[in-house]
Amino acid sequence: MTDAWSARAYGANARFVSDLGAPVVDLLAPMPGERILDLGCGDGALSVHLRDAGAEVVGVDGSADMIAAARELGLDARVMDGHALEFDGEFDAVFSNAALHWMVRPDAVIAGVARALKPGGRFVGEFGGHGNVAAIRTALIACLAEDGVAADLKDIWFFPSADEYAGRLRAGGFEVERCEIIPRPTPVPAGMRAWIETLAAPVLPKVPGDVGAFLDRVVALLAPALQDAAGNWTADYVRVRFSCVLP
Ligand code: BEZ
């Protein structure tokens, strides 16, 4: 389990998440009686929608805190590393929203999903794609470089192009029905400093000096690009949304 993956905490930080996954749930089209794995279920907010549609849902997440919250919703939720799924041919579908970008060994994830599915099962999801938080990531990289730290942050986030991800899915044995990039600028009412402290938390241990001063510099660098004249921040989110089937 990577640090980045275990650090994921959407449930506790829902104020940073504008999309509640409705379009990708529609793409999944869960059916009553289906057994569905929610990969990176967080606090289970979306798993509940799948359950409400009549599916039998199992949620997995790398964060024990998130799984505890999901269990409070009555979900079958288990702490599990998305790179090492422990299921064998038992799901009609695997679903994932806003989680796969934390799993930086995508081929291991795809192989585990393929193992988890029944023949004919589908894998449907959405996550950060190429260009996701590009300004934020570049500002972090630039400020780390100023401090003498060379980092591309590929050890923390996986943001593939649609072509790259579709290729990985095909190499993993899937027939790709749809895989596209969707830009989604997203308001950040809590402000950019809070966003970075929370959602870029795995980056901060790389900072050699005072983290507060580092954050001040990153935020100042980002303001011209991501803050409007009224002081509102917008994060430059870009999604990959895909659906594919195991023959
Ligand atoms: C995202 O949802 O796109 C995201 C979340 C945390 C860090 C980076 C990106």
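The values are calculated or read from the model by the stated rules, or taken from the named source; none is laboratory data. Computed from a predicted model, the values in this text were never measured in an experiment. Note that we place each Cβ from the backbone using ideal geometry, even for glycine, and neighbour counts take in every protein chain shown. The protein model used for the area step is the full one, side chains on, heavy atoms only, and it has no ligands, DNA or RNA in it. Shrake-Rupley method; radii C 1.70, N 1.55, O 1.52, S 1.80 Å.
Candidates are the residues of the stretch 113-138 that are over 20 Å from Ile156 (Cα atoms) and open to solvent by less than 10 Å² (accessible area, probe 1.4 Å); the one that is nearest to the ligand (Cβ to nearest atom) is Val124. In this entry, Leu221 is excluded by the filter for residues that are under 30 Å from Asp107 (Cβ atoms) and either more than 12 Å from the ligand (Cβ to nearest atom) or not aliphatic (A, V, I, L, M) (or both). Against the conditions (1) surrounded by fewer than 18 Cβ atoms within 10 Å (Cβ to Cβ); (2) touching a residue at least 40 places away in the same chain (Cβ under 8 Å), Asp216 satisfies every one except (2).
Restricting attention to the stretch 183-237, which residues are assigned to a strand (DSSP E or B) and closer than 22 Å to Ile156 by Cα? Across the stretch 183-237, the qualifying residues are Pro183, Arg184, Pro185, Thr186, Thr234, Ala235, Asp236, Tyr237.
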